[in-house]
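Report on one structure; see the data block that follows.
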Amino acid sequence: MALIRSKQRVSDHGEVFTPEWLVDDMLDLVKDETERLDARFLEPACGSGNFLTKILKLKLATVELKYARSKFDCQHYAVLSLMCIYGIELLEDNIIECKANLLEIFAEYLNLKSEDTLYACGDYVLTQNIVHGDALTMKDMFGRPIAFAEWGYLGKGKFQRRDFRFDVLTGSSAFSAEGSLFANLGNHEIFQPIKTYEQMTVADIASQANMN
């Protein structure tokens, strides 16, 4: 893959893609986390997904190792793997490509067709997790504060979703600093979700795609 799309984009946006060897070296530093299915990763300038696609492949390799004997578990933990990957990107064409790359990996692993419920579920999750916006201002393309869905797998095919504002989440170090007004508070007191949803199945999540 070329490291730049054009000199103009480098000049305008500082866009330079990370080479694959460097992606591999950096992810080796957090190897244990990439193999933990509920470990969340955020790439604040995700481009077309160089880091995120590699992380998804590593997570799915763990799914295969642990759950290959159960189709049900394999499917649901593959969904969880996708749910724990997040990105922010300023350029729209990169956003489209990143989502497509991630969805292709997910669908290929589970041997899905575009009309399958699991495919629609994965597609919707990516519309929530890969945000068109600016990580520096912490606002999306419409000027709204960026919010992310925190997905959790409860077992037996049930998922939980809570939404949090990105600017609040990134303030954790300031909140916990010694002498801070919030230093003695627990995370549950600082990080209040802006919305909590009822438990959902894959079919419930897939149905959301038709409502947006």
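So how far, in whole Å, is the C-alpha centre of region 92-144 from the one of region 38-57?
Cα centres, region 92-144 to region 38-57: 11 Å.
Lys/Arg Cβ at +1, Asp/Glu Cβ at -1, dipole of region 20-179 taken about the Cα centre: which of Leu154, Gly143, Leu126 is farthest positive-ward?
The Cα lying farthest towards the positive end belongs to Leu154.
Quick check: with the 1.4 Å probe, what order do Arg36, Arg162, Arg69, Arg144 take by accessible area, largest first?
Result of the area sort, largest leading: Arg69, Arg144, Arg36, Arg162.
Please work out the FRET efficiency for the pair Lys158 and Ser70, using the Cβ-Cβ distance as r and a Förster radius of 22 Å; give the result to the nearest 0.05.
FRET efficiency, Lys158 to Ser70: 0.85.
Taking +1 at the Cβ of each Lys and Arg and -1 at the Cβ of each Asp and Glu, which of Ile95, Phe106, Ala68 sits farthest along the dipole of region 45-110 towards its positive end, judged by Cα position relative to the Cα centre?
Sorting the options by dipole projection puts first Ala68.
Which part of region 143-163 falls in the paramagnetic zone of Gln199, meaning amide N under 19 Å from the point 7 Å along Cα-to-beta-carbon?
Backbone N within reach: 150-163.
Whenever you get a sec, line up Ser81, Ser70, Ser114 from highest to lowest accessible area (probe 1.4 Å, protein heavy atoms).
Listed by decreasing accessible area, they come as Ser114, Ser70, Ser81.
Per-residue accessible area for Ile95 at 1.4 Å probe radius, Å² rounded to 10?
Result for Ile95: roughly 10 Å² accessible.
Order the following by accessible area, largest value first: Met138, Met26. Probe radius 1.4 Å; ligands, DNA and RNA are ignored.
Met26, Met138
The values are calculated or read from the model by the stated rules, or taken from the named source; none is laboratory data. Every value quoted in this text rests on a predicted model; they were computed, and no experiment measured them. So basically every Cβ, Gly included, is an ideal-geometry build from the backbone, and we count neighbours across all protein chains shown. In case anyone asks, the SASA skips ligands and DNA or RNA and just uses the protein heavy atoms, side chains included. Shrake-Rupley method; radii C 1.70, N 1.55, O 1.52, S 1.80 Å.
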